[in-house]
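What follows is one structure encoded as structure tokens, with my remarks underneath.
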Amino acid sequence: MTPNLKHLHPYPFEKLAQLKQGIVPPANKPHIALSMGEPTHATPHLIQEALLTHLHGLANYPTTKGIPELRQAIAGWISRRFRIPADAVNAETQVLPVNGTREALFSFAQCLVDPTKAGPVVIMPNPFYQIYEGAALLAGAEPYYLNTLEDSGYLPDFDSVPDQIWQRCQLIYICSPGNPTGSVIDQAGHEKLLKLAEKYDFVIASDECYTEIYDDENAPPPGLLQTAYNMGNTAFKRCVIFHSLSKRSNAPGLRSGFVAGDAEILKHYFQYRTYHGCAMPLPTQHASIQAWQDERHVIENRRLYREKFAAFIDILGRVSTVSRPPASFYVWLKTPISDTEFAKRLFAEQNITVLPGSYLSRDCDGVDPGLNHVRIALVAPLDECIDAAQRIKYFLNSL
């Protein structure tokens, strides 16, 4: 076994299961699950129909690169969504389909990190999606945790990173909109990071799987390729973005996403993926084409989340300082007691499951930004979110 396995931390939901073990919640209150970011809105019929129509494709091996029609649909979506010219993204050399962003975010580090160079570092936000950390550790790199705190709007402060860390950095993960805070890196933030990447020669892996769930229909979150293109980096050097249909199209079980960006990096990542054996099944590819070409279901999806946020925050805002994030479907709630005790007692007394913030973070320089927060995923139906808000309000008043 690789010795790096010993460095892995238990996964957040494994720790959550242990926290809840032995607790018997009140039977007269139906369980409401708000811990996992698993969409429960209906998967659009156009995706289901395309999947069923192309089931004959199961008789064929898919290619790692995917069919040209899928890559073209993705390239077209990128240009429309991020307002760059239609020919800005080359579907042949700058797009690869992946089986959801999770496997791609992990495998990308395995391909990119060079452990033979002294002290390789992978930078990531803190709190973070734990795949970033696991990917760095198993690639033989040292994770560097970049605290995202309330004072900075829960955004990474790139100026706080020491020069010696930038010099050793080979890869940085950013997540915008952020998980768990919903914060959005603006164009100026992207520009600063792109200049640092050029100066220190590292790669930016931009996890953008929440970009399509946002509050203001007239202000969609910017993407890394969008900023790079506007800066004149039309080849997207050192930039790779990660997108998924899981949140955008309520299709987490489809396991469909893409990576796009720097053609030279993707040439090597394609070679890696060919050996890795992670080609997307043909029926999934055809279903994905339909999803990327349709925006109506995405607009409706955002409307449903706005409705839930409005109701949830209206109730909880009377007893807490909860705020509505600009994007994502998470509420990053401060707790008046420790986050683990809050989550444990909320389950025991109200039969609601939320995720302790400290399960998503690490202590860095004496600061653990996840402490005394819980992540609440507003993925349940509207009536359940309203019920949950009322129960959490009652619980907060009881503390």
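Where a number appears in this text, it was derived from the coordinates with a stated rule and is not lab data. Bear in mind the structure is a predicted one, so any value in this text is a computation, not a measurement. Don't worry about glycine lacking a Cβ; one is built from the backbone with ideal geometry, like all the others, and counts go over all protein chains shown.
Site pair Ser338 and Asn397 shows an inter-label distance of 2.8 nm when each label is modelled 7 Å from Cα along Cα→Cβ.
Once you reduce segment 331-399 and segment 24-65 to the center of their Cα atoms, the two points are 26 Å from each other.
Defining a contact as two alpha carbons under 8 Å apart and six or more residues distant in sequence, what relative contact order in percent does the chain show?
Rounded, it is 25 percent for the chain.
Kirkwood's formula applied to the C-alpha pairs of segment 83-156 gives a hydrodynamic radius of 14.4 angstrom. Taking 0.36 nm per residue of separation and subtracting the Cα-Cα distance, full extension of the segment from Lys192 to Leu8 would add 63.1 nm. Each of Glu295 and Thr321 was given a label point 7 Å from its Cα along the Cα-to-Cβ line. The distance between the two points is 3.8 nm.
Which whole-number percent gives the relative contact order of segment 28-128, counting Cα pairs below 8 Å spaced six or more residues apart? This gives 17 percent for segment 28-128.
The order of Asp215, Asp365, Asp186, Asp339, going from fewest to most other C-beta atoms within 10 Å of their C-beta, is Asp365, Asp186, Asp215, Asp339.
DSSP assigns beta bridges within the chain; of those with both partners inside it, close to 45 percent run antiparallel.
With θ taken as phi - 60° and the Karplus curve 6.51 cos²θ - 1.76 cosθ + 1.60 applied, the whole-hertz 3J(HN,Hα) list for segment 321-326 is 9, 4, 10, 8, x, x Hz, x standing for glycine and proline. Restriction of the chymotrypsin sites (Phe, Trp or Tyr not before Pro) in segment 262-314 to DSSP coil positions whose beta-carbon has at most 13 other beta-carbons within 10 angstrom yields no sites. Label-to-label distance, Ala59 versus Ala17, with points set 7 angstrom from Cα along the beta-carbon direction: 4.0 nm.
A simple charge model with +1 on the Cβ of Lys and Arg, -1 on the Cβ of Asp and Glu and nothing else charged puts the dipole of segment 45-294 at about 740 debye relative to its Cα centre.
Rounded to whole numbers, the Karplus 3J(HN,Hα) couplings from phi for segment 303-314 are 4, 5, 5, 4, 4, 6, 4, 4, 5, 5, 6, 4 Hz, using 6.51 cos²θ - 1.76 cosθ + 1.60 with θ = phi - 60°, and x at Gly and Pro. The fewest-to-most ranking of Glu212, Glu14 by surrounding Cβ atoms within 10 Å reads Glu14, Glu212. Mean projection of the Cα convex hull over all viewing directions, computed for the chain: 20.1 nm².
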